[in-house]
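The values are calculated or read from the model by the stated rules, or taken from the named source; none is laboratory data. Here the structure is a predicted model, which is why all the values come from computation and not from measurement. We place every Cβ from the backbone using ideal geometry, glycine too, and count neighbours over all the protein chains shown.
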Amino acid sequence: MKANDLLTIGDLARRTGLSVSAIRFYEEKGLVEPFRTSGNQRRYFRSDIRRLSFILIAQKLGLALTEIEEELRKLPQGRTPNARDWQAISGGIKRRIDSQIAALEKVREDLDGCIGCGCLSLKKCALYNAEDKWAERGAGPRVLLPGS
């Protein structure tokens, strides 16, 4: 490993637009792992620029840090990810997005017929919610909310 392959935390912050404290936060979460010098100073691999950029993009897409961590575990530490690495990650994200789109489309389709409580109209409820079967799932918008 050459010295110019490593970045200080300040350099990494400038290259990614993140604050030093944000980089330390991601380090605490295990999303980036610095190399320590003999003086115990943090040094980061150049590939961490891409790792941190991926974290920012994934968060904007709505992924939780645990999901981001899972995806980053698939990447090699210390080298710049190649096209195959990114293809594997993007495939998982695309499947997640497709699932979210399908759930939202279902909500859109059902929105006119039900506000989610199953009780907009007693006549309609008798058709869609005979004997108040949705009440068994609990109070609130159980019909429209995915996973409820």
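Annotations
- Residue that is modelled with the lowest pLDDT, among those in the range 51-73 that are surrounded by 12 or more Cβ atoms within 10 Å (Cβ to Cβ) and part of a loop (DSSP other than H, G, I, E, B): LEU61
- Cβ separations smaller than 9 Å between residues 6+ apart or across chains give the following pairs from the range 54-69 residues that are closer than 13 Å to ILE97 by Cα to residues that are in a helix (DSSP H, G or I) and among the polar types (S, T, N, Q): GLY62/GLN100.
- Criterion (at pLDDT below 90 and under 30 Å from ILE101 (Cβ atoms)) met by exactly one of ASN82, ASN4: ASN82
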